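Please treat every number below as a calculation from the coordinates, not as lab data. This is a predicted model, so every value here is computed, not measured.
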Amino acid sequence: MNDGNSTSHTWEEGTIKIPNPQWKIFKAKINRVFNPIVEKDFYYALKVYELVMRESKGKRKFSFRREVILRTSEFNLRADSVARIENSMFPVGSERKRPLKPKKKNFLPATNRTSIFELGNSIILLSNKNKTFGWVVKEGVHAVEEAHSHPVAAAAFQALSDVDWNRNSGGVILSNKPKETEAPYKNSPNIAKRFGPLGEKGVLFGTVG
């Protein structure tokens, strides 16, 4: 077992070039999973707000922020949903003591122009200009496993597996997670996943533009 040492701290990062004709279809598959989640988050946010405001009536000293956190935790939501809900009532940088009532504009669905999906410990970056999919998992204990369990991440990688690759498309995802066939040096980056012809060649892209 490697729990307790550095090998349990994992990360992933890479950029994949999607064939131009399939770009819109690829993005749509991600949006179809993300948008229902955001819609449900709005529902939960309103529910939390109503519960907290009801509980606060008649109480002189009442910690609204604490109650919002506690009530939100009861729904067992993922980190990105929790952050979305809490930020709708207590915007980042705000020192307000009473929550704002959540608004639909705080829970906007993804569109053709959406370029960033923050999913807790991972980020998806989409470049309409370059037709690239960027994937970053911040290093942490079993971070890669957790990141891939997110429904939006799962949809993105399923969409990658559905792509009909052409000659100038694909790429690789790097990771520090050891693989027997591609781990010549301890703690060195390994190719965790390959996609398309460029992936077979081990082509690395720079940051997503």
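For the reader, a short list of remarks on this structure follows.
- The chain - mean residue ellipticity at 222 nm from DSSP helices (-39,500 (n - 2.57) per run, n ≥ 4, rounded to 500): -12000 deg cm²/dmol
- Fully extending the segment from S115 to L204, taken as 0.36 nm per residue of separation minus the present Cα-Cα distance, adds 30.0 nm.
- Amide H to amide H, with H built 1.01 Å from N, S169 comes under 5 Å of L198, counting only residues 5 or more places away or on other chains.
- Counting only alpha carbon atoms, the long axis of helix 23-56 and the longest principal axis of the chain meet at about 20°.
- Look at the alpha carbon pairs under 8 Å that are at least 6 residues apart: their mean separation over the length of segment 39-164 gives a relative contact order of 19 percent.
- In the chain, the longest principal axis of the Cα atoms and the axis of helix 79-89 are about 40 degrees apart.
- C-alpha long axis of helix 151-162 to longest principal axis of the chain, angle in °: 20 degrees
- Karplus-derived 3J(HN,Hα) values for segment 192-204, using 6.51 cos²θ - 1.76 cosθ + 1.60 with θ = phi - 60°, are 7, 9, 10, 9, x, x, 5, x, 5, 8, x, 6, 9 Hz; glycine and proline are entered as x.
- Close amide H partners of L174, meaning residues 5 or more places away or on another chain with modelled amide H under 5 Å apart, are E13, G14, A192.
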